[in-house]
Structure formats: structure tokens, C-alpha cells
1. Identify the residue in the stretch 186-226 that is β-branched (Val, Ile, Thr) and over 30 Å from Val155 (Cα atoms) and, among all such residues, is modelled with the highest pLDDT.
2. Could you list, in sequence order, the residues of the stretch 129-180 that are under 15 Å from Glu34 (Cα atoms), in a loop (DSSP other than H, G, I, E, B) and at pLDDT 80 or above?
3. If Ser29 passes every condition in (1) closer than 19 Å to Phe97 by Cα; (2) modelled with pLDDT under 80 but one, which one does it miss?
4. Only one residue in Leu96, Leu39 is crowded, with 19+ Cβ neighbours inside 10 Å, among the hydrophobic types (A, V, I, L, M, F, W, C) and either modelled with pLDDT of 80 or more or under 22 Å from Glu197 (Cβ atoms) (or both). Which one?
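The values are calculated or read from the model by the stated rules, or taken from the named source; none is laboratory data. Not measured: the values here are computed from a predicted model. Note that each Cβ is placed from the backbone with ideal geometry, even for glycine, and that neighbours are counted across all protein chains shown.
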Amino acid sequence: MFGQTFALMVMILYLLLLCGQVFASEKQSEPESELSRVLECIKKKEKTLKTFTATFRQIKKTYLLNEPLTSEGLIYFDSSGKLLMKVTSPSPLLILFKNSSLLVYYPEIAKAEKRYIGNAESIFKEYFGIAQPVEALKQQYDIQLSSETHSDGYVLKMIPKIKDIAKHIDRIEVFVNPETWLPERIFFTEVKGDRTELWLQFTAVNQPLPPGIFSIILPVTDDRDR
């Protein structure tokens, strides 16, 4: 369960960083294209995104299992570097990313795990080989506008160009709502055929988050740092 949900957290952080770096590079290379217009709109939204609350549904399809793995819950995000995931189904789970540390808490068994994982960019470098300068990003991914109509949203397809990324990821597809310029679906397709689908519904953007939402009170018997 931890591995599945941690992958979800990485996907979200990955997309938020991606908006400010890959999209900027495409604007310079294709200033008049529809792709550049779409990317510029997303980039403008990213610059103003301070907080959000969203519900999520993640579906993990793997050749090892007959049935997909599904999880649901809430996400609270603060651009200062805080992210809380409250998994409500199939089992309650709290995942807090704050101060470069990851805290995972299992309420049903009152168990907590904490580890230092570094900042978001270090995660991306380790798991995806990105978070590099703009020039390097342009060499790593081929970005295509798969859907050129906004009737159902724009679809951005990212195809890895270099071996270190391509040996793990076949493609990444991002479905963007043209009314909000926020991602509502993110699909990761791995080389071996496994597929992770993340569905987001943003319920509040740039609104005050609940007080103390990024503080998890652990059981008194657990003497680990919070």
C-alpha cells in the first residue's frame, strides 16, 4: 500500500514542477503553435497556484494481478512545500510530505513511519531523471498535443527520449481542463505494460486550508518525531 500511494504523491509533485519547467521551454521553441498556447496557459496557472484541495481516485493496473488496485481520498497542497494525502479507501492512511520528510501513518494499527527523502527535485531526479535545467528537459521528452480541441480538455503526451527514462516509462499523458488549466487526469504507462491512472477533482484552489491540516498527532506511545 505504501508503495502505491507514494507513487501517487510523486506523480502530483512531478506535475507541479513540470508546469514551470518543461512548459516554459516549449514556448521558446514553438511560439506560434497551439501547443505553445496551451502550455503557456498552464504555466500562468502554475505561477498563481498557492494552495489546493482535491479529491483523488487512483487505479493501478498491473499484469501481476487480475483486478486493478484502487485507492481514493483527499489531497491538500501548499506551495511552500507541504502535501497531505488522506487515503480513505481501501484502508485509512495519512501521508504527509513536509520539511523534506515523509511521514506515513496507519490509523487502524497506530503505526507511523518517518523518513527523510529530500526536496521534490531530488525525488524527481531519482525516480524520473528529470528536474534538470530547461535545456536538458527539452532533450529528455517529446511533448505532443494529442487532442487539439478543448471540448473534452487538452491531452498532453510526453514520450521519453533518453534511455534511462525510456527503460521505465513508455509515456505520460496529462488531461488538462481548459476552464481551470489544471490537470484532471494523469496516466503513467510503464514499459512492461503496468498503468497508473490518477483522477483529480479540485474542490478549492487558492483558498485557506483547514487550520493545522499539516500536523498529524501521533499516539502517545509512539516516540518518533512528528
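1. The extreme case among them is Ile213.
2. Answer for the stretch 129-180, where residues must be under 15 Å from Glu34 (Cα atoms), in a loop (DSSP other than H, G, I, E, B) and at pLDDT 80 or above: Gly153, Pro178.
3. Condition not satisfied by Ser29: (1).
4. Leu96
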